[in-house]
2 protein chains.
Amino acid sequence: PDEEVRRQAVARHERLTKPAGSLGRLEELGIWVAACQGACPPRPFTRPRVVVFAGDHGIAAHGVSAYPSEVTGQMVANFLTGGAAVNVLASAAGATVRVVDISVNADTPERVAGFKVRRGSGSIDREDALTDAEVRAAITAGRRIVDEEVDGGADLLVAGDMGIGNTTPSSVLIATLTGAEPVAVVGRGTGVDDNGWMRKTAAIRDALRRARKVSGDPVALLRTAGGADIAAIAGFLAQAAVRRTPVVLDGVVAGAAAAVAEEMAPGARRWWVAGHRSAEPAHAMALDHLRLEPLLDLGMRLGEGSGAVAALPLVVMAARVLAEMATFDDAGVSGPA
Amino acid sequence: PDEEVRRQAVARHERLTKPAGSLGRLEELGIWVAACQGACPPRPFTRPRVVVFAGDHGIAAHGVSAYPSEVTGQMVANFLTGGAAVNVLASAAGATVRVVDISVNADTPERVAGFKVRRGSGSIDREDALTDAEVRAAITAGRRIVDEEVDGGADLLVAGDMGIGNTTPSSVLIATLTGAEPVAVVGRGTGVDDNGWMRKTAAIRDALRRARKVSGDPVALLRTAGGADIAAIAGFLAQAAVRRTPVVLDGVVAGAAAAVAEEMAPGARRWWVAGHRSAEPAHAMALDHLRLEPLLDLGMRLGEGSGAVAALPLVVMAARVLAEMATFDDAGVSGPA
């Protein structure tokens, strides 16, 4: 983001018809948008875009989730017909949704499978998620998707996730980068029961043991304990910074990918705002680690980008307030006595 | 709100293509909208409406605010030309704004002055804010404005405030009803300095001594230590419940009016959701007192309805999610294993 434009935006906010600072976080958010765009007043967003990265995880076969893996492919179809939560939220927020199959363990329609890396990532408690070639292909897929979207006019990005079992590798990645213990990061995901929670904790423990050996190498970490979908999101988040395009982050899966992306591309985080704090315990750790303060805290834990899209209207409003409000001079309103 | 419809909405949420409860507060919010409308699935909102109640306060002459009183009338003009924060936020949120002069200490355009009760309310540290006839006229004005708006198609309401000095009576009303001490409720308002803060604290202490004598009589309390604008908002909030129309509450002024309105019309609070928690300390006390949990907590402290309008998209999204998402059966998605 542009420091000079940031200063202009701070100064402009002082001249608008309201006490300085009285819009709190909305003022900071508008200033950040202006700095990302390199333009004050900021331009209205014209094409907010959500990309949902779908992928399966071998660990799901070991009882870590409340839902069977076939749901991932079924939900891809649901995204395409507009029936999922993120479709409805995006429609209300003025955003559009694209779904990409990165590693679904099923056949999906050709138009969403162009970046498919493999069918399901490995079971990370016992094997690598990906080969070296696959992790690079997945990261590249995420980067190319950003290029396609930004070239197509997208000016605000959200990465969503869909994949049964995906909170397990996400929790492992976050624990690896923050030094947390397995029981501190494990959450209920889609709503696993107590026995499943114990299996998930054991899987995270085993995967974490493997992951810690490569904790200093973000690409090796994604290969060992991530998954193709998460690697693609990491590439997406890093490339958004390259393309100087602001991102609203979603929950624990995006948070894990963001923590790794910041290792791959230090400073990329300055292009991201945290849309919400999810109910998954590892997510708050990832946000703290990235020093990002969430806009919403509504107990959401769905993924798909839903928490980020719920926060999108705040980003849109923050930009419009900075661009469209009258100044004290314009409106003939007196300043402080 | 309708209990039977509420149960239908809870059951509908269980059938939508997401883990039960995974949208957190958005699910509760959609269920509340359905119950308020008496319809499941809920209808999309067609006319969210913000009414800004403008009024001056005699206490402002005694140095409790950072801004001079003439700003109130100047801001009425700014609302009419669309330059204020609430105009921009409402436009982004799909709502329209009406401003009414209840007690501005200046002449305002005829079209906003139809409910004017007086020019400025009394200085509550030493005299009553209003006469008995005036407090009744103000409450009636708020009730009639709801009737006009609901008859005109409004299906979601916000009460905003504009008035230099209005956080002082608001803090007094909240302290009276919650039993809090003056120093616990006093805030910086629009940004008063340390000397002003001391004057404000003394004014609240003196007004609170007068207000406590009538703490059991909400109309007498508004007369003694409120103001015409706050009394009108209290009438508005009470009448919204009569007209079975949901309200998104704003900050400390709406919170004070809400606390009094709940005394006038017990149970009215079930028609209100708290849009945000303001930076004014008395606001959190009012929300606790009313047992309302805010949707946003962004350090906002502007008034005008701005915090409520910032939360409007969440209410709209919550209703649309409940109405428009596919069910597991519709989408052919498997449920939990």
* **Per-region count, the range A:319-337, residues under 19 Å from A:ALA34 (Cβ atoms), open to solvent by 10 Å² or more (accessible area, probe 1.4 Å), at the interface with another protein chain (Cβ under 7 Å from one of its Cβ atoms) and part of a helix (DSSP H, G or I)** => 3
* Asked: Hey, B:VAL247 hits all of (1) open to solvent by 10 Å² or more (accessible area, probe 1.4 Å); (2) more than 25 Å from B:THR224 (Cα to Cα); (3) more than 14 Å from chain A (Cβ to nearest Cβ) but one; which does it fall short on?
  -> (1)
* Scan of the range A:307-318 for residues that are more than 7 Å from chain B (Cβ to nearest Cβ) and touching a strand residue (DSSP E or B) at 6+ places or on another chain (Cβ under 8 Å), ordered by number -> A:GLY307, A:ALA308, A:VAL309, A:ALA311, A:LEU312, A:VAL315
* **Failed item in (1) more than 25 Å from B:HIS13 (Cα to Cα); (2) surrounded by fewer than 24 Cβ atoms within 10 Å (Cβ to Cβ); (3) in contact (Cβ under 8 Å) with a residue 40 or more places away in the chain, with B:VAL316 passing the rest** => (1)
* Filtered residue count, the range B:225-241, keeping only those that are open to solvent by 10 Å² or more (accessible area, probe 1.4 Å) and either in contact (Cβ under 8 Å) with a residue 60 or more places away in the chain or within 26 Å of B:ARG126 (Cβ to Cβ) (or both) -> 1
* To do: Determine if the range B:105-114 includes at least one residue that is in the same structural domain as B:SER170 (by TED's automatic domain parsing), of a type in the set (D, E, K, R) and closer than 16 Å to B:GLY160 by Cα.
  => no
* Structure fact -> In the range B:2-48, anything assigned to a loop (DSSP other than H, G, I, E, B), open to solvent by less than 30 Å² (accessible area, probe 1.4 Å) and away from chain A (no Cβ under 11 Å) is listed as B:ALA39, B:PRO42
* Residue within the range A:110-118 that is free of Cβ contacts under 8 Å to residues at least 60 places away in the same chain and of a type in the set (Lys, Arg) present -> yes
* Asked: Residues in the range B:103-156 that are touching a Gly at 6+ places or on another chain (Cβ under 7 Å), in a helix (DSSP H, G or I) and either farther than 13 Å from B:PHE53 by Cα or of a type in the set (Ser, Thr, Tyr) (or both): how many?
  -> 1
* Structure fact -> For the range B:299-313, the count of residues that are open to solvent by less than 10 Å² (accessible area, probe 1.4 Å) and assigned to a loop (DSSP other than H, G, I, E, B) equals 3
* Could you say whether any residue in the range B:49-57 is surrounded by fewer than 20 Cβ atoms within 10 Å (Cβ to Cβ) and of a type in the set (Lys, Arg)? -> no
* Structure fact -> Scanning the range B:61-75 for residues that are facing chain A (nearest Cβ under 10 Å) and hydrophobic (A, V, I, L, M, F, W, C), the one surrounded by the fewest Cβ atoms within 10 Å (Cβ to Cβ) turns out to be B:ALA66
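The values are calculated or read from the model by the stated rules, or taken from the named source; none is laboratory data. Just so it is clear, the structure is predicted and the values come from calculations on it, not from any experiment. Ideal geometry is used to build each Cβ from the backbone, glycine not excepted, and the neighbour counts take in all protein chains shown. Accessible surface areas use protein heavy atoms only, side chains included; no ligands, DNA or RNA. Shrake-Rupley method; radii C 1.70, N 1.55, O 1.52, S 1.80 Å.
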